[in-house]
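See below for the structure under consideration.
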Amino acid sequence: MAKLRNVLITGGAGLIGEVLNKNLSDRYSLSSLDLRESAGMPSFVADLSDLDAIAPAFEGQHTVVHLAADRRAYSDWSSTLDNNIVSTYNVFEAAKRAGVKRVIFASSNHSQGGFYLDAPWKHVAAGEFDKLEPGYRLVDEDDRIRPDGYYGVSKAFGEAIGSYYDDYHGISSIHLRIGWVISDDDPTFSPFALSLWLSHRDTAQAVAKAIDAPESLRYAITYVTSDNKWKIFSIDRAREILGYEPEDAAGSDWEDRDPPVRDR
């Protein structure tokens, strides 16, 4: 049997790390780098803000999937700086030193979240579907960077530093603007969740497509959500350059309730 490709997941003990381990452990040799051990994966325990401490985890890895961050959409500056900006620099720098071929960066719709202020997209977020014209335009990767908080700023930073490490250090980077991965995989608690939902199996597919993308794909930014009826962001580019074809789709029905505890 051919040797499985070594893939390191930062934040492997988190929700998306668990989803990837469940769905992709037979396809890649996965390991985790996190502040705690990940059940079911070889684990490196270290703080990503400490470059020397995390360096051993990168040795022998082909690809790094960088998920770890303060994931609060409105994280404060101090935490964002340490956990999202310094840590992302450390991931790319450790990858460079270890000869990693590709970094897959978990970016976010919040890098363009300012579009939620404007019609028609504010109507999607509010569940005012009757105010939407057929064929309304979707926000895509060519629209301006428009963060809605320091978290979104940090995701735009990750996309920028990935471009730098590709051009000057030879590390391919694919930046997935991941939608809302929900712990119980049920987006029907809000219209915003219906729009942004990325199901567990579509999450695994998108990451696998990025890992397996040809070496000629040096740098890319793509949105990845499930094929939801009411979108804000286009997933056409992910389809085009990654061959991503979502299997799931959220519809129009929702009831106003709190998200699962793990997602609050």
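Identify the residue in the stretch 122-140 that is assigned to a loop (DSSP other than H, G, I, E, B) and among the acidic types (D, E) and, among all such residues, is nearest to F58 (Cα to Cα). First the steps, then the outcome.
Start the filter on the stretch 122-140 by keeping residues that are assigned to a loop (DSSP other than H, G, I, E, B), which leaves 127-128, 132-138, 140.
Pick out the ones that are also among the acidic types (D, E) and you get 128, 133, 140.
On the way: E128: 46, E133: 49, D140: 32 Å.
The qualifying residue nearest to F58 (Cα to Cα) is D140.
Would you please name the residue that is nearest to V19 (Cα to Cα), looking only at residues in the stretch 201-238 that are surrounded by fewer than 16 Cβ atoms within 10 Å (Cβ to Cβ) and without any contact (Cβ under 8 Å) to a residue 24 or more places away in the chain?
So, considering only residues that are surrounded by fewer than 16 Cβ atoms within 10 Å (Cβ to Cβ) and without any contact (Cβ under 8 Å) to a residue 24 or more places away in the chain, the one nearest to V19 (Cα to Cα) is D212.
Considering the stretch 237-262 alone, what residues qualify as being touching a strand residue (DSSP E or B) at 6+ places or on another chain (Cβ under 7 Å) and charged (D, E, K, R)?
Keep residues of the stretch 237-262 that are touching a strand residue (DSSP E or B) at 6+ places or on another chain (Cβ under 7 Å), which gives 237-238, 241-242, 244, 250.
Result: R237, single match.
Considering only the stretch 140-150, I want to know if a residue exists there that is over 19 Å from I232 (Cα atoms) and either in contact with a strand residue (DSSP E or B) (Cβ under 6 Å, 6 or more places away or on another chain) or not charged (D, E, K, R) (or both). Explain how you work it out, then say what you get.
The initial filter retains those residues of the stretch 140-150 that are over 19 Å from I232 (Cα atoms), namely 150.
Then drop every residue that is not either in contact with a strand residue (DSSP E or B) (Cβ under 6 Å, 6 or more places away or on another chain) or not charged (D, E, K, R) (or both), which leaves 150.
So far as the stretch 140-150 goes, yes, one or more of its residues are over 19 Å from I232 (Cα atoms) and either in contact with a strand residue (DSSP E or B) (Cβ under 6 Å, 6 or more places away or on another chain) or not charged (D, E, K, R) (or both).
Determine, yes or no, whether S87 is surrounded by 15 or more Cβ atoms within 10 Å (Cβ to Cβ), in contact with a His (Cβ under 9 Å, 6 or more places away or on another chain) and in a helix (DSSP H, G or I). Quick ask: steps written out before the conclusion?
On the way: surrounded by 15 or more Cβ atoms within 10 Å (Cβ to Cβ): yes; in contact with a His (Cβ under 9 Å, 6 or more places away or on another chain): yes; in a helix (DSSP H, G or I): yes.
Yes; evaluated as a whole, the condition is true for this residue.
Select from the stretch 10-30 the residues that are farther than 18 Å from F105 by Cβ, outside any helix (DSSP H, G or I) and touching a residue at least 24 places away in the same chain (Cβ under 8 Å) and list them in ascending order.
Pass one, the stretch 10-30, residues farther than 18 Å from F105 by Cβ: 13, 18, 21-23, 25-27, 29.
Among the residues that remain, those that are also outside any helix (DSSP H, G or I) are: 13, 25-27, 29.
Matches in the stretch 10-30: A13, R27, S29.
Is it the case, given these coordinates, that A98 is hydrophobic (A, V, I, L, M, F, W, C), at pLDDT 95 or above and closer than 20 Å to S87 by Cβ? Reasoning before the result, please.
On the way: hydrophobic (A, V, I, L, M, F, W, C): yes; at pLDDT 95 or above: yes; closer than 20 Å to S87 by Cβ: yes.
Yes; evaluated as a whole, the condition is true for this residue.
For the condition within 29 Å of D227 (Cβ to Cβ), in a loop (DSSP other than H, G, I, E, B), modelled with pLDDT of 95 or more and touching a strand residue (DSSP E or B) at 6+ places or on another chain (Cβ under 8 Å), what is the one hit in A106, A119, A68?
On the way: A106 fails: in a loop (DSSP other than H, G, I, E, B); A119 fails: touching a strand residue (DSSP E or B) at 6+ places or on another chain (Cβ under 8 Å).
Only one candidate qualifies: A68.
For S216, are the conditions met, namely being under 18 Å from W121 (Cα atoms) and of a type in the set (S, T, Y)? Lay out the reasoning, then the answer.
Working: under 18 Å from W121 (Cα atoms): no; of a type in the set (S, T, Y): yes.
No; evaluated as a whole, the condition is false for this residue.
Listed here are the residues, each with its yes/no results for (1) buried (at least 21 other Cβ atoms within 10 Å of the Cβ); (2) aromatic (F, W, Y); (3) at positive phi.
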{"residue": "N6", "(1), (2), (3)": "no, no, no"}
{"residue": "G12", "(1), (2), (3)": "yes, no, no"}
{"residue": "D50", "(1), (2), (3)": "no, no, no"}
{"residue": "E59", "(1), (2), (3)": "no, no, no"}
{"residue": "A68", "(1), (2), (3)": "yes, no, no"}
{"residue": "Y74", "(1), (2), (3)": "no, yes, no"}
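Search the stretch 167-194 for residues being surrounded by fewer than 24 Cβ atoms within 10 Å (Cβ to Cβ) and hydroxyl-bearing (S, T, Y), and hand back the single one that is farthest from L24 (Cα to Cα).
Top of the filtered list is Y168.
Being touching a Gly at 6+ places or on another chain (Cβ under 9 Å) and under 28 Å from R264 (Cα atoms) is the filter here, so list the residues in the stretch 45-79 that pass it.
Once the filter is applied, which keeps residues that are touching a Gly at 6+ places or on another chain (Cβ under 9 Å) and under 28 Å from R264 (Cα atoms), the stretch 45-79 yields L48, V65, H66, L67, A68, A69, R71, R72, A73, Y74, S75.
Identify, from the list F115, F92, the residue that is of a type outside the set (G, A, S), more than 20 Å from I9 (Cβ to Cβ) and touching a residue at least 24 places away in the same chain (Cβ under 8 Å). Steps first, please.
Numbers: F92 fails: more than 20 Å from I9 (Cβ to Cβ).
Going through F115, F92 in turn, just one is of a type outside the set (G, A, S), more than 20 Å from I9 (Cβ to Cβ) and touching a residue at least 24 places away in the same chain (Cβ under 8 Å): F115.
Going through the stretch 163-203 one residue at a time, which ones are assigned to a helix (DSSP H, G or I) and either within 21 Å of V91 (Cα to Cα) or at pLDDT below 95 (or both)? Even if it seems obvious, please write down each step before you answer.
Of the residues in the stretch 163-203, the ones assigned to a helix (DSSP H, G or I) are 163-169, 191-196, 200-203.
Answer for the stretch 163-203, where residues must be assigned to a helix (DSSP H, G or I) and either within 21 Å of V91 (Cα to Cα) or at pLDDT below 95 (or both): S163, Y164, Y165, D166, D167, Y168, H169.
Inside the stretch 71-84, can you point out the residues that are of a type in the set (G, A, S) and either without any contact (Cβ under 8 Å) to a residue 40 or more places away in the chain or in a helix (DSSP H, G or I) (or both)? Walk me through it before giving the result.
Restricting attention to the stretch 71-84, the residues satisfying the condition of being of a type in the set (G, A, S) are 73, 75, 78-79.
If the condition is that a residue be of a type in the set (G, A, S) and either without any contact (Cβ under 8 Å) to a residue 40 or more places away in the chain or in a helix (DSSP H, G or I) (or both), then S78, S79 are the ones that fit.
For A98, work out the one condition from (1) farther than 17 Å from I178 by Cβ; (2) among the small types (G, A, S); (3) surrounded by fewer than 16 Cβ atoms within 10 Å (Cβ to Cβ) it doesn't fulfil.
(3)
The values are calculated or read from the model by the stated rules, or taken from the named source; none is laboratory data. Keep in mind the model is a prediction, meaning the values are calculated, not measured. Note that we place each Cβ from the backbone using ideal geometry, even for glycine, and neighbour counts take in every protein chain shown.
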